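Report on the following structure.
The values are calculated or read from the model by the stated rules, or taken from the named source; none is laboratory data. Keep in mind that this is a model prediction, so the values were computed, not measured. Ideal geometry is used to build each Cβ from the backbone, glycine not excepted, and the neighbour counts take in all protein chains shown. Keep in mind that these areas ignore ligands, DNA and RNA; they rest on the heavy atoms of the full protein, side chains included. Shrake-Rupley method; radii C 1.70, N 1.55, O 1.52, S 1.80 Å.
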Amino acid sequence: MKCQYCDKPATFHITELTEPDGPQVLHLCEQHARNVLQKGEPTPVSSVAGALAKQLQLGQTKEELRKLDQKECPVCGITFFEFRNSGRLGCPLDYDFFEADLKPLLLNIHDSLEHTGKRPTRAAATADSQADLIRLRKEMEAAVDREEYERASELRDQINAIQGEPKRRGNAI
Amino acid sequence: MKEATDLSVLVQKSGEWLRGTGPESDIVISSRIRLARNLAGFPFIRKCSPEDREKIERQVRSRLENLPEWDEIPYVDIATLSEVDRQFLVERQLISREIADSEGSRAVAIDPSEQYSVMINEEDHLRIQVMHSGLDLLSAWEQIDRIDDAIEGEVLYAFHSKFGYLTACPTNVGTGLRVSVMLHLPGLVITQQIEKVFRSMQRINVTVRGLYGEGSQYTGDFYQVSNQVTLGHTEQELLEMVGQEVVPRIIDYERKAREFLIDKGQQDLHDDVSRALGILSTARKISSEETMHYLSKVRMGVNLGLIDDVQLATINKLFIHTQPAHLQKLHGRVLTTSDRNVQRASYLQRHLCGPADRTDELN
C-alpha cells in the first residue's frame, strides 16, 4: 500500500480518533506519519475551521460572508478572513471587536460563552486599556525610530501607568 | 535564573514524571497540565513583530528573575539551540514541536526535576506546564496554580471579564487549561476494544490521541486523553471530568482486557512478552518503531508480574531515551538512521541484559 500523501510505501497505519465524524484511518510513510503524529494536540485550526464551517453554513449569504471576511481589527490589523484561515487571532482586542462573529464559534467549540474559572487577583486591564497599550507601544517604537527620545519616554511612562507595577509576593513554587 | 546552553546535564538523568510511581502507574504514565497565558498590551504571537517577540521574552525573563524561587531554574534560549537539541527537548516533553520549529525570539525555563517548564513565545506568550508521574492531577494542578499566581504577580495577563484568559486560538480561551493524561493501553489494543472505548468518549468532551514521536499509536499503545473545552467550566470541573470520570473508566476497561488476556492464555501472553524482552535484549540493530512495539509488551509484562527483573521506571525511561535526539545527545554527535538503529540496540542491551543491570538507574 502506498502512502496517502506520496509514492513511498505506507508503513504506518494510524487511526485518528478525534475526527467528529468518527475514526479516520490514515495510511502513511514514516515521514508523513511523523508529521501527523508530531502535531501534538489536535490542531486547533481544524477544530476552528470545522466549527466555522458549521457556523457559516447557517444563514450567511455570500455577500455577508464577503463583508465579514474584510472586517479588520483596528489594533492588530487582522482580518476575519485571515483568522478563518489560520485559526489564530491577532490581539486580545479581537475578542471584543469580533465578539458577535466569534460567539457562534465559541458556542460550537465550548458550548458556553461565560468564563467561570480562575481570575487573576490583580485587576485585569480593560479591553480599551489593552488596546491603548498596544497602540502606545507602536507609537513609542516609531518615536525611537525618529530619534524623538523625549516623546518616547513620555509614552513609556504612559505604558507603565497602565501596566502598573508588578506585585511583590513571596510565592513558593 | 541561570542561562543553560549545555543540555548534557539533562541527558544524564530522567524527569521525575518517568519514575513509574504514583496512583495507577501501571496504566497511567503521566498527568500533565498546561496553562496558556498572554500578556496584556501585546499582540498575540501571529501579529507580533520580531521586536515584539524580543520584548515579550525579555520582559517575562526579567520578571521571572524577580521571583527568588527561580534563582536556580535553568533558562534556555531556544533560538540558539541546534536542531538536535531542540528535538531532544521535544522528546523530553519539555517544549512543544511548535515552539521548536518556529522562528524568532523564544525560550523555555525548565525546573531541574523536569516537573514543570514555562515556554515563552509559543502559540501564546506563555505556556506553563506541569507533569507528574501516574494519575496525579490534583497535586499537578496545585503546583501549576502556584506557578501561575507567582507569574501573574509579575506580569499583567490579557484577561476578559466574560471570556476569561484570552488566547490566540479560541479553542483555549477561558481557563487556558489543558489536562492531558498519558495512558498505556496494550490490553485494549490487543483485544481490539480501543476504538470502541474511545468512540464512547467522544460524547463527553475529551480528545484522544496517540503518542507523538517516531512510533505510531499502534506500536507504542500510548494514548493521551485531554479535555476538549476550556470555557464555561472551572478548572476543578475540568480536572474532575478527565481525572475522575473518564480516565478511571478507561483504566477499568484496560484492567479487564488484561485479565481477559491472562484467562484466555497466560502461556501465550507470557511467551509474547518474554520474546519481546528477548528481542530488545539481543538485537544488534533496531528501529524506533520496533523498540516502541516491544517495549510496550515488556511494560505490560512487568505490570502483570510476568517479567520480574526489570523495573517499570527503566522501561518508562527507555521509551524516551531510545528516541533519535536522545541517542544523538548520548553519543555526542549527529547519527544517521542506520547508525541510530545500531546505537539504540546497544543502549537497550546495556540496560536490559543481566539481572544486575536491569535494576540500574539509566544514565
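Does B:ILE320 count as crowded, with 23+ Cβ neighbours inside 10 Å and hydrophobic (A, V, I, L, M, F, W, C)? Criteria not met by B:ILE320.
Against the criterion of being open to solvent by less than 10 Å² (accessible area, probe 1.4 Å) and either closer than 20 Å to B:GLN192 by Cα or not polar (S, T, N, Q) (or both), B:ALA276 qualifies. When the residues of region B:279-301 are filtered to those that are within 14 Å of B:ILE315 (Cα to Cα) and open to solvent by 20 Å² or more (accessible area, probe 1.4 Å), the one that is modelled with the lowest pLDDT is B:HIS293.
When region B:179-198 is filtered for residues that are open to solvent by 10 Å² or more (accessible area, probe 1.4 Å) and within 7 Å of chain A (Cβ to nearest Cβ), only B:GLU195 remains.
Is there a residue in region B:212-225 that is part of a loop (DSSP other than H, G, I, E, B), under 20 Å from B:GLU122 (Cβ atoms), open to solvent by 10 Å² or more (accessible area, probe 1.4 Å) and modelled with pLDDT under 90? For region B:212-225, residues part of a loop (DSSP other than H, G, I, E, B), under 20 Å from B:GLU122 (Cβ atoms), open to solvent by 10 Å² or more (accessible area, probe 1.4 Å) and modelled with pLDDT under 90: present.
Mind checking whether some residue in region A:105-115 is touching a strand residue (DSSP E or B) at 6+ places or on another chain (Cβ under 8 Å), in a loop (DSSP other than H, G, I, E, B) and at pLDDT 95 or above? The answer is yes; a qualifying residue exists.
Each residue in region B:139-184 was checked for being in contact (Cβ under 8 Å) with a residue 24 or more places away in the chain and part of a strand (DSSP E or B), and 13 pass.
Scanning region A:57-81 for residues that are crowded, with 18+ Cβ neighbours inside 10 Å and within 12 Å of another protein chain (Cβ to nearest Cβ) gives A:CYS73, A:VAL75, A:CYS76, A:ILE78. Of everything listed in (1) touching a helix residue (DSSP H, G or I) at 6+ places or on another chain (Cβ under 7 Å); (2) modelled with pLDDT of 90 or more, the single unmet condition for B:ASP85 is (1). Does B:VAL108 count as outside any helix (DSSP H, G or I), more than 11 Å from every other protein chain (Cβ to nearest Cβ), buried (at least 24 other Cβ atoms within 10 Å of the Cβ) and without any contact (Cβ under 8 Å) to a residue 60 or more places away in the chain? Judged against the criteria, B:VAL108 is a match.
Of all residues in region B:134-164, those satisfying the criterion of being touching a strand residue (DSSP E or B) at 6+ places or on another chain (Cβ under 6 Å) and open to solvent by less than 10 Å² (accessible area, probe 1.4 Å) are B:GLY134, B:ALA140, B:ILE144, B:ILE147, B:ASP148, B:VAL155, B:TYR157, B:GLY164. Applying the criterion of at least 3 residues that are in contact with a Ser or Thr (Cβ under 7 Å, 6 or more places away or on another chain) to the helices (runs of 4 or more DSSP H) found wholly in region B:1-105 leaves B:50-65. Scan region B:32-49 and tell me whether some residue there is surrounded by fewer than 20 Cβ atoms within 10 Å (Cβ to Cβ), more than 10 Å from chain A (Cβ to nearest Cβ) and more than 23 Å from B:THR171 (Cα to Cα). No - not one qualifying residue is present in region B:32-49.
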